[in-house]
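The values are calculated or read from the model by the stated rules, or taken from the named source; none is laboratory data. These numbers come from a predicted model, not from an experiment. We place every Cβ from the backbone using ideal geometry, glycine too, and count neighbours over all the protein chains shown. What goes into the accessible areas is simple: the full protein's heavy atoms, side chains included, and nothing from ligands, DNA or RNA. Shrake-Rupley method; radii C 1.70, N 1.55, O 1.52, S 1.80 Å.
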Amino acid sequence: MIQDLHSHSYYSFCGKDNPEELVKAAINGGIEVFGITDHNNGIGFGRRDARAASEDIIPNQYDEYILHRYFDHLTLLKEKYSDKIDLKRGIEVATNRNNIRIPKTTLPDSADISFFDYCLIEHLDYESTTTNGDIFSYAKRCGTEYVGIAHTNLFAFIESKGLDPLDYFKKMADQNIFWEMNVSYDSTHHYREHKYMLDFFENEKQQEIVRKSGVRLSIGFDGHRVEDYLPDRIKTYCKRITDCGIKMVFEN
Ligand SMILES: [Zn+2]
Ligand SMILES: [Zn+2]
């Protein structure tokens, strides 16, 4: 399976393009399953310039209309391109209470995101995370059928908690929680790569634990501008997961 489950459109502060441009780029790049995962705070605030223009726009004043408007936009695209690509409607959830650059970005407790196809959770390993480092409870709070742990060196995180990685991954598998292999390589993030991802593909012991546990992995380019998109990079890493005998999310 060729999948990319992490991308940003103009609904995120850091994204630039209309979601439809992302979908077209994915189709042209040969992606089969594609997920759009704009940041909860970007969806909630609207555009950065709108926020800057008025002090009255209160961060995190989510209501059902804001989240549903984004979701409905993705649904229209999902239907329009259903014969060309399987579009998944996602959201990336910020859980860092102490984000200095963009304050008050975390998902409010009252916000319902359970209707999304999946969500990605970031900052699980931060001290200031609203998840309190407990992905199992937080996944239930999110309520989506699938929940991904994004940007995280999970082996280091599990070790820091003194837990057994195989047990932890098995528990994740039971709850449809997957682990993202972030293969980001774009100008927005200065062509930075995620070391945990590079390490995983070199570490047979880690691969063996993941394979045994039955946990699913995902590939995400974490794109922010279509001109930076590298579908061949996606394909390379999807193949590497398959070659490891590990299944990806949404794979039969
Ligand atoms: Zn992120
Ligand atoms: Zn992202």
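Worth pointing out:
- Apolar share of the accessible surface for the chain: 47 percent from carbon plus sulfur atoms, 1.4 Å probe.
- Cα→Cβ-extended label distance, 7 Å offset, between Ser110 and Ser137, nm: 2.2
- Positive end of the dipole of the chain (Cβ unit charges, origin at the Cα centre): among Ile2, Leu163, Thr105, the Cα lying farthest that way belongs to Leu163.
- Cα-Cα pairs of the chain separated by more than 29 Å (percent): 25
- Helix-only mean residue ellipticity at 222 nm for the chain, each DSSP H run of n ≥ 4 adding -39500 (n - 2.57), per residue, nearest 500: -11000 deg cm²/dmol
- Beta bridges assigned by DSSP with both partners in the chain are antiparallel in approximately 5 percent of cases.
- For Leu198 and Asp164, the difference between the fully extended length at 0.36 nm per residue and the C-alpha to C-alpha distance is 10.1 nm.
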